[in-house]
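Notes follow once the structure below has been shown.
The values are calculated or read from the model by the stated rules, or taken from the named source; none is laboratory data. None of the values given here were measured: they were computed from a predicted structure. Glycine also receives a Cβ, built like all others from the backbone with ideal geometry; neighbour counts cover every protein chain displayed. Side chains included, ligands, DNA and RNA excluded: accessible areas come from the protein's heavy atoms. Shrake-Rupley method; radii C 1.70, N 1.55, O 1.52, S 1.80 Å.
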Amino acid sequence: DQRRDLLEIIEDRYERRSTIVTSQVPLDRWYEIIANPTLADAILDRLVHNAYRIDLTGESMRKQRSPIAFETLHA
């Protein structure tokens, strides 16, 4: 049901509205996660077409913060 819901949302917004998707899962693993090749094709086709893709690399910003800064934010 969730796969169809996602497809429905993506279809409703396709070429009408902007959609931002963030994921820690590489694009090539989405088929495995969606676990339905037909729905995965439909979802990825609509997401990737005319998309601007930004792949972030480097050290995690969380790792760069000092423990003192972390404690201050959560105090």
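Go through segment 36-60 and give me each residue that's open to solvent by less than 70 Å² (accessible area, probe 1.4 Å), outside any helix (DSSP H, G or I) and more than 17 Å from Arg13 (Cβ to Cβ).
Asn36, Ser60
Give just the number: which of (1) without any contact (Cβ under 8 Å) to a residue 12 or more places away in the chain; (2) of a type in the set (Asp, Glu); (3) over 30 Å from Thr57 (Cβ atoms) does Asp28 not satisfy?
In the conditions (1) without any contact (Cβ under 8 Å) to a residue 12 or more places away in the chain; (2) of a type in the set (Asp, Glu); (3) over 30 Å from Thr57 (Cβ atoms), Asp28 misses (3) alone.
When residues of segment 11-29 are filtered for being at pLDDT 90 or above and in a helix (DSSP H, G or I), how many remain?
Residues meeting the conditions: 4.
For segment 31-52, which residues satisfy the criterion of being more than 16 Å from Leu7 (Cα to Cα) and touching a residue at least 24 places away in the same chain (Cβ under 8 Å)?
Within segment 31-52, just Asn50 meets the criteria.
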